[in-house]
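Notes follow the structure.
What follows is calculated from the coordinates using simple rules that are stated; it is not laboratory data. If you're wondering where the values come from, they're calculated on a predicted model, not measured in any experiment. With ideal geometry, Cβ positions are generated from the backbone for all residues, glycine too; neighbour counts draw on all protein chains shown.
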Amino acid sequence: MLLLVSVVNSEEAEEAVKGGADILDLKNPREGSLGAAHPKLVSEVCQRFGQILPVSAAIGDFPHLPNAAALAALCAADLGADYIKVGLLGSRSEQQAVDLLASISDALAWRGSKAKLIAAAYADYREAGTLEPRLLPGVARRANVAGCMIDTLDKKGTCLFDSLDSDSLREFIGECGRYGLLSALAGSLKPCHVGLLRTLGPHIVGVRGAACQSGVRTGSIDRQRVAEFRLNLMDSNQNWAMRERG
């Protein structure tokens, strides 16, 4: 499992790098779960750290505006982002989601970009009235998307596992694998969730609050917390491998 750490400025990016993050993720929590970072920050972080590790840029919890989403994604790609995350907030049906994601994919292909598009659905979809996460892998396959993420829209005390059970998440990850898609889980994940994440086995685990000094997403990224979380993931991977060999 790769550790993705969400940061809001260059100082936090440096902390995440020194803590051992595998992917730097740029976003603005004030604008939502997948709130977009300012283009200047995306450019700055990509130039400073892009040769060290991959950079991901969120472009927002998007309304159903396919061409606007494509334009935002192209900007992030041109600024150097390796991954582009878009939240399917306004695309409520499967066809709408395909239309929005395909618009982005087509624009990236037209530009000749190597950036990978990651589509995000919300674990708390019932409350939000958004696309069911179980539908996302099929949608992503139709739209030529590189990977799928499940996150949470509401960041007020609940986490991924409060909204979706392990069987649902395992099915999601398995379907991503069958379609050759990257799978990612996020949503107020904490160190106590590492064991469960290990049994599920997504490609990417995304955190912010768990990597902050205060343990909440409004704090500042702390390299020690990043290192501890990553070590827990590595230990879990090693322990799991040892049990499998045994």
### Query
How would you rank Phe49, Phe172, going from fewest to most other Cβ atoms within 10 Å of each one's own Cβ?
Phe49, Phe172
### Message
Counting only helical runs of four or more DSSP H residues, what would the 222 nm mean residue ellipticity of the chain come to if each run contributes -39,500 (n - 2.57) and the total is spread over all its residues?
### Response
-13500 deg cm²/dmol
### Query
For Thr152, Thr130, what ranking results if the residue with the fewest other Cβ atoms within 10 Å of its Cβ goes first?
Thr130, Thr152
### Task
Report the convex hull volume per residue for region 2-245, counting only C-alpha atoms, in Å³.
114 Å³
### Query
Given labels modelled 7 Å from the Cα in the Cβ direction, how far is it in nm from Leu196 to Ala68?
3.5 nm
### Query
Under the classification rounded if a/c is under 1.5, otherwise prolate if a/b is larger than b/c and oblate if not, where does region 35-118 fall, given a ≥ b ≥ c as square roots of the Cα gyration tensor eigenvalues?
prolate
### Message
Within a 10 angstrom radius of the beta carbon, how do Arg178, Arg208 rank from fewest other beta carbons to most?
### Response
Arg178, Arg208
### Query
So for the chain: antiparallel DSSP bridges make up what percent, rounded to the nearest 5?
5 percent
